[in-house]
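In what follows, a single structure is set out as structure tokens and then discussed.
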Amino acid sequence: MRVLHVNECGSVTRDLVKGLRKVGIEADIFQPTIGTYRSSRLKRSLLPLIRNWEALKLYLLVKKRHYDVIHVHYASLAYLTIVTGLPYFLHCHGSDLRRDLYRPMLGAITREAVRKAIYVFYVTPDLQRHLDVLR
């Protein structure tokens, strides 16, 4: 079995990959561009183009390596799998639901990510209330 994790999130992803490898499962991390909110206005304006380019790179990687499972960490980054039509599991980590879900643009992406995921994992029990209305 081959598992691809999308986005390192607070060392959770790295630990999951390490654990999977330990039990004989092939696991890798695909790291998209993050943290553009601190970047220049130009870089932030280019983010939609960057995300589409990364989505293509992700799609090609999945097809080349024949991953069985795609596990996306952080809801808005599921955009990369949604636009390519790849099925995925979603792992919500907190601010993607507590904050981003209620923002105009990120909220729409987050809601779509939650609705389209095969299954949604979340790290703390308080996040369930944000998911209940969507799942």
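The values are calculated or read from the model by the stated rules, or taken from the named source; none is laboratory data. Model, not experiment: these values are computed from the prediction. Cβ placement follows ideal geometry from the backbone for every residue including glycine, while neighbour counts extend to all protein chains displayed. The accessibility values were calculated without ligands, DNA or RNA, using every heavy atom of the protein model including side chains. Shrake-Rupley method; radii C 1.70, N 1.55, O 1.52, S 1.80 Å.
Among the residues that make up segment 63-74, is at least one of them open to solvent by less than 80 Å² (accessible area, probe 1.4 Å), at pLDDT below 90 and farther than 27 Å from Tyr122 by Cβ? No, every residue in segment 63-74 fails to be open to solvent by less than 80 Å² (accessible area, probe 1.4 Å), at pLDDT below 90 and farther than 27 Å from Tyr122 by Cβ.
Can you tell me which residues in segment 86-135 are assigned to a loop (DSSP other than H, G, I, E, B) and among the hydroxyl-bearing types (Ser, Thr, Tyr)? Residues satisfying the conditions are Tyr88, Tyr119, Thr124. If you filter segment 62-89 down to residues that are among the aliphatic types (A, V, I, L, M) and in contact with a Ser or Thr (Cβ under 9 Å, 6 or more places away or on another chain), you find that the one that is farthest from Leu4 (Cα to Cα) is Ala75. Among residues of segment 101-125 that are touching a residue at least 60 places away in the same chain (Cβ under 8 Å), none has a Cβ under 7 angstrom from a residue that is open to solvent by 50 Å² or more (accessible area, probe 1.4 Å) and among the hydroxyl-bearing types (Ser, Thr, Tyr) at a sequence gap of 6+ or on a separate chain. A residue that is at pLDDT 90 or above, out of contact with any Pro (no Cβ under 8 Å at 6 or more places or on another chain) and either loosely packed, with under 12 Cβ neighbours inside 10 Å or polar (S, T, N, Q) (or both) occurs somewhere in segment 2-13.
Every residue, every condition in (1) closer than 19 Å to Gly10 by Cβ; (2) of a type in the set (Phe, Trp, Tyr), yes or no:
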position	(1), (2)
Val72	yes, no
Thr81	no, no
Gly85	no, no
His91	yes, no
Glu112	no, no
Lys116	no, no
Tyr119	no, yes
Val123	yes, no
Val133	no, no
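Could you give every pair whose Cβ atoms fall below 8 Å, whose first residue belongs to segment 4-26 and is of a type in the set (Phe, Trp, Tyr), and whose second residue is open to solvent by 70 Å² or more (accessible area, probe 1.4 Å) and assigned to a strand (DSSP E or B), counting only separations of at least 6 or pairs across chains? Note: no pairs meet the criteria.
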